[in-house]
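Have a look at the structure below, then the notes.
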Amino acid sequence: GIQVEQSPPDLILQEGANSTLRCNFSDSVNNLQWFHQNPWGQLINLFYIPSGTKQNGRLSATTVATERYSLLYISSSQTTDSGVYFCAVGNDMRFGAGTRLTVKP
Amino acid sequence: GAVVSQHPSWVICKSGTSVKIECRSLDFQATTMFWYRQFPKQSLMLMATSNEGSKATYEQGVEKDKFLINHASLTLSTLTVTSAHPEDSSFYICSARGPAYEQYFGPGTRLTVT
């Protein structure tokens with residue numbers, strides 16, 4: 001099956017800083033999504049982005065399908081951005097291990 | 001946006017009993033739904049893929065006789081944990097594939113087996 005690797009595993013930022021989260025995958029895919037899991041466990045859809053670039057407010061994502069990676073950018077981070085960020089790829093949505101983000105005030 | 005609900009949101013049961021978890025797509029039809037489990041501070045692990053009207057496809061290592069999945073309609077899939085044991089305690093999350101191929105996740109069900 002597809003292998004999904006996310007980096008870094010943990011990230012601590014000061015409020016206002018920018019960050020880049022990475023998702024590498026082992027095979028070509030036609031489906032990739034980024035999620036934020038809140039403290040109650042709910043997965044929030046951030047982007048459906050099998051290729052190209054999308055932006056939504058302070059968040060943006062880029063997937064380079066030919067090179068098998070995707071990046072999630074968070075600008076001007078806020079404490080409410082804290083949580084775990086997952087990418088999931090493929091028809092059956094295999095999840096990476098996640099990046100645990102902590103934004104300090 | 002598309003909404004997926006799960007019921008119950010949490011459940012406590014005694015060892016040896018069975019528990020049923022429902023997953024519903026509220027405003028779209030989902031031919032494919034997925035069931036995941038998540039242990040504390042870990043990622044989501046795919047348990048099975050269910051397609052409406054057919055048998056579920058289970059991931060390697062997932063006991064199909066223990067985790068019964070039924071996708072009886074285009075808006076409802078159920079997961080029944082049979083003869084539950086404490087090691088089945090986990091966070092169970094379902095998702096449904098929307099018309100544009102995007103996945104939408106339910107809020108999860110926290111199962112505790114005593």
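The table that follows gives values for the structure above.
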{"item": "³J(HN,Hα) computed for each position of the range B:49-62 - Karplus, 6.51 cos²θ - 1.76 cosθ + 1.60, integer Hz, glycine/proline x", "result": "10, 10, 10, 4, x, 9, 5, 6, 9, 9, 6, 4, x, 9"}
{"item": "For the range B:86-95, Karplus couplings with θ = phi - 60° (6.51, -1.76, 1.60), whole Hz, Gly/Pro x", "result": "x, 5, 7, 4, 5, 9, 10, 10, 10, 9"}
{"item": "Net dipole in debye of chain B [+1 Lys, Arg Cβ; -1 Asp, Glu Cβ; about Cα centre; nearest 20]", "result": "180 debye"}
{"item": "List of the range A:90-105 residues, accessible area with partners at least 20 Å² below that of the chain alone (1.4 Å probe)", "result": "A:Asn91, A:Asp92, A:Met93, A:Arg94, A:Phe95, A:Arg100"}
{"item": "Any cysteine of chain B lacking a neighbouring Cys Cβ under 4.7 Å - listed by number", "result": "B:Cys13"}
{"item": "Where a label projected 7 Å from the Cα of A:Asn30 along Cα→Cβ would reach, residues of the range B:92-114 with amide N under 14 Å", "result": "B:100-102"}
{"item": "log10 of Debye I(q)/I(0), alpha-carbon scatterers only, for the protein assembly as shown at 0.10 Å⁻¹", "result": "-0.45"}
{"item": "Virtual spin-label span in nm between B:Ser18 and A:Thr53, 7 Å along Cα→Cβ", "result": "5.4 nm"}
{"item": "Computed label-point distance, nm, for sites A:Trp40 and B:His7 using a 7 Å Cα→Cβ extension", "result": "1.7 nm"}
{"item": "Inter-probe distance in nm under a simple model that places probes 7 Å from Cα toward Cβ, at B:Thr82 and A:Ser76", "result": "5.6 nm"}
{"item": "Inverse mean reciprocal Cα-Cα distance (Kirkwood Rh) of chain B, Å", "result": "13.9 Å"}
{"item": "Accessible area of the protein assembly as shown belonging to carbon and sulfur atoms, whole % at 1.4 Å probe", "result": "51 percent"}
{"item": "Segments B:4-16, A:78-90, B:78-90 sorted - mean Cβ within 10 Å per residue, highest first", "result": "A:78-90, B:78-90, B:4-16"}
{"item": "Protein accessible surface hidden between A and B, which excludes ligands and nucleic acids, total in Å², probe 1.4 Å", "result": "1500 Å²"}
{"item": "Probe 1.4 Å, accessible area per residue of the range B:17-99, Å²", "result": "48 Å²"}
{"item": "As computed over chain A, the Cα convex hull volume per residue (Å³)", "result": "85 Å³"}
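The values are calculated or read from the model by the stated rules, or taken from the named source; none is laboratory data. Please read all numbers here as calculations on a predicted model, not as lab measurements. When we count neighbours, we look across all protein chains shown, and the Cβ atoms used for this are built from the backbone with ideal geometry, even at glycine. Heads up: the accessible areas ignore ligands, DNA and RNA and are worked out on the full protein's heavy atoms, side chains in. Shrake-Rupley method; radii C 1.70, N 1.55, O 1.52, S 1.80 Å.
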